[in-house]
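Beneath this line is the structure, given in structure tokens, with notes to follow.
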Amino acid sequence: MAQQKTAEIYDLKGKTTGKITLPNVFSTPLRPDVIKRAVLAIQSSRIQPQGSSLFAFYINWLFAFFFKFYSIIVNLFLNICLAFLTYSGPSRFLHC
């Protein structure tokens, strides 16, 4: 078994006030492969998840195109309806 490690205790002024024995977990050897795996897991959690389908881009583009086209048609229809609702007949100043 490895030797027990100790750590010094410091006060707010930076002077040593005592020592403490550390648990055995601080005596275990470092494993670079485990550290690398943990770092990669943390870094990969920042990456935005991607679609699992090969056609995910095309499906998203199709929906975006459909809703853009749909909004144009709806706005055009509403403008035509508004024009008919506010139409008051031919102007009395225009005599053709």
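The values are calculated or read from the model by the stated rules, or taken from the named source; none is laboratory data. Small disclaimer: the values here were computed from a predicted structure and weren't measured. Reconstructed Cβ throughout: ideal geometry from the backbone, glycine too, with neighbour counts over all protein chains shown.
Side notes on the structure shown:
Residue by residue, here is whether (1) loosely packed, with under 10 Cβ neighbours inside 10 Å; (2) at pLDDT below 85 holds:
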| residue | (1), (2) |
| --- | --- |
| Lys36 | no, no |
| Ile42 | yes, no |
| Gly51 | no, yes |
| Phe65 | no, yes |
| Tyr87 | yes, yes |
| Leu94 | yes, yes |
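- Each residue in region 24-34 was checked for being modelled with pLDDT of 90 or more and part of a helix (DSSP H, G or I), and 3 of them qualify.
- Annotation for region 8-23: no member residue is at pLDDT below 85, surrounded by 10 or more Cβ atoms within 10 Å (Cβ to Cβ) and not hydroxyl-bearing (Ser, Thr, Tyr).
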